[in-house]
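Computed from the coordinates by the stated procedures, all read-outs in this text should not be read as laboratory data. Quick caveat: nothing in here was measured; it's all calculated off a predicted structure. Positions of Cβ are backbone-derived with ideal geometry, glycine not excepted, and every protein chain shown enters the neighbour counts.
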Amino acid sequence: MATYKQIIKTYSPFLKEVTHIPQKEVEILLLFLLEKNTIWLHLNYNEECKVEDKLKVLVKKRATNYPLEYIIKKASFYGETFIVNDGVLIPRPETEILVEKAEVILKSIQTPKVVEIGVGSGIVSIMLALLIKDIKIIAVDINSKALELAKQNAKKFNVEDKITFVLSDIFTEIDVKNFDMCISNPPYIQDSFSLPLNVKYEPSTALFGGEIGDELLKKIIDSTVKNNIKYLYCEMGYDQKISLGKYLEKYNPKYVEFYKDYEKHDRGFCVEFNKDENVK
Ligand code: GLN
């Protein structure tokens, strides 16, 4: 009979092609099956492993590039652990920058009202709800399954009273009168872009933004201005700064900042519009 230590050694090579931390990932899968933590595993390395068959199934699945987060149904974001499933995008570290930027402005507003477009698993709205006292958020998505999951996460973090989840395409089903900010990490990848193997398992509706990629972002800009919302904070594609910069100019914004991600690629923008100026 094999011990945990031996089992980890046996199965790690199967994941060599899909991750640079194969041993760690086998451990994570094992802990998921056992519902135990790392400390427990370290104390029990030399005990007999009784879940080899189940582990084998999970390792095989992971070896196809199926994301680890979908298997263990968990992903971390901003130091917290969120529930995820394959109906939503797996949180990306760069989206933490979007939250950080929004937090700065929202802390300066009394009882801020925020609308999030494309809530997915809920990471952005929930983090803002945790960070900002007295915030009120309407979080929309066109995917009812994502909304269900986001609600589950909101419950997990005890912020259900701060966020209203609505099935809506941008603002079609909601009233955003007197809102301070619109925030979004929308799909922004060009439809024809060939995704890396690991991203292929994520929902295409959360990734592809149109023939060019920035179509939805432009729609979000239009809707934000039309509804007289002062701040717009969005994530975007690494090659969309010029086109979106030009597009924003037509609304004569008071302030525009483009920011980069951790890899130094352009990744998002923060805009302050002149309120009332564009509302006819
Ligand atoms: N940044 C993500 C990726 O590269 C895309 C996220 C999005 O389209 N909103 O996979």
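What to note about this one:
- When residue 40 is tested against the conditions (1) touching a Lys or Arg at 6+ places or on another chain (Cβ under 6 Å); (2) part of a helix (DSSP H, G or I), the lone failure is (1).
- Residues being under 17 Å from residue 197 (Cα atoms) and among the hydrophobic types (A, V, I, L, M, F, W, C) - total across the stretch 36-81: 4
- Residue match in the stretch 174-197 (condition: surrounded by 14 or more Cβ atoms within 10 Å (Cβ to Cβ), within 21 Å of residue 103 (Cα to Cα) and charged (D, E, K, R)): yes
- Residue match in the stretch 118-138 (condition: part of a loop (DSSP other than H, G, I, E, B), within 16 Å of the ligand (Cβ to nearest atom) and surrounded by fewer than 19 Cβ atoms within 10 Å (Cβ to Cβ)): no
- Answer residue from the stretch 215-239, given it is within 11 Å of the ligand (Cβ to nearest atom) and more than 19 Å from residue 274 (Cβ to Cβ) and is surrounded by the most Cβ atoms within 10 Å (Cβ to Cβ) among those: 217
- Selection within the stretch 200-214 - under 20 Å from residue 232 (Cβ atoms) and buried (at least 19 other Cβ atoms within 10 Å of the Cβ): 206, 209, 213, 214
- Lone qualifier among 113, 177 - being out of contact with any helix residue (DSSP H, G or I) (no Cβ under 9 Å at 6 or more places or on another chain), among the basic types (Lys, Arg), more than 16 Å from the ligand (Cβ to nearest atom) and over 27 Å from residue 259 (Cα atoms): 177
- Matching entry among 81, 95 (being within 16 Å of the ligand (Cβ to nearest atom) and either buried (at least 16 other Cβ atoms within 10 Å of the Cβ) or within 15 Å of the chain's Cα centre (by Cα) (or both)): 95
- Strands (runs of 3 or more DSSP E) completely within the stretch 161-280 that count 1 or more residues being in contact (Cβ under 8 Å) with a residue 60 or more places away in the chain: 181-184, 231-235, 255-260, 266-272
- Single match in 95, 81, 111 (criterion: in contact (Cβ under 8 Å) with a residue 12 or more places away in the chain and closer than 20 Å to residue 162 by Cα): 111
- Only residues that are outside any helix (DSSP H, G or I) and under 13 Å from residue 68 (Cα atoms) were counted in the stretch 21-37, giving 1.
- The requirement of being within 12 Å of the ligand (Cβ to nearest atom), surrounded by 15 or more Cβ atoms within 10 Å (Cβ to Cβ) and under 18 Å from the mean Cα position of the chain (by Cα) is not satisfied by residue 165.
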